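Below is one structure, written out as structure tokens; the observations come after it.
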Amino acid sequence: MLQETGICCVLFGYQEIADELALSTLPEDQKRLILRSTLTAFHLRLAEAAQQAGVINPQDFATFYDHGYMGLYGGLRENDIHVRKGLTEDHQKISDYMGSEELGANIFRATQTDAKLRRDQVSMAALAL
């Protein structure tokens, strides 16, 4: 069983490298579209994990996401990032104005937060925030 697991890990690693190489050959706009779609999927999964952890009301969700941004953007909240990017409309999403590298960092933030909530079976909003 351990040998099969090792083989799967090696194959998975090769697939990740192949995917990365394929993505790196694309123009920036196409990379952004793929990564933006990926981030959306991971945000949905993260929202589900946050809800299971007790983050229920809209204010708690806003605080939860702000804390994630603060960790990645040196203490800036979502509204601060919005201003920094020069976005003037409330309906503009900051992720629509990220390059591929920034999207990758946000995918990492979302996946790691999701994994932490699920792994530690967080069940109180105060702990999730």
Subtracting the Cα-Cα distance of Phe61 and Leu33 from 0.36 nm times their residue separation yields 7.6 nm
Computed ³J(HN,Hα) along segment 34-43: with the Karplus parameters 6.51/-1.76/1.60, θ = phi - 60°, integer Hz and x for glycine or proline, the list is 5, 5, 5, 5, 5, 4, 4, 4, 5, 5
Each label sits 7 Å from Cα toward the beta-carbon; between Thr111 and Tyr97 the label points are separated, in nm, by 2.7 nm
Ranked output for segments 49-55, 114-120 by mean other Cβ atoms within 10 Å, highest leading, reads 49-55, 114-120
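Any read-out appearing in this document is the output of simple, stated calculations on the displayed coordinates, not a laboratory observation. This is a predicted model, so every value here is computed, not measured. Every residue, glycine as well, gets a Cβ built from its backbone with ideal geometry; the counts of neighbours run over all protein chains shown.
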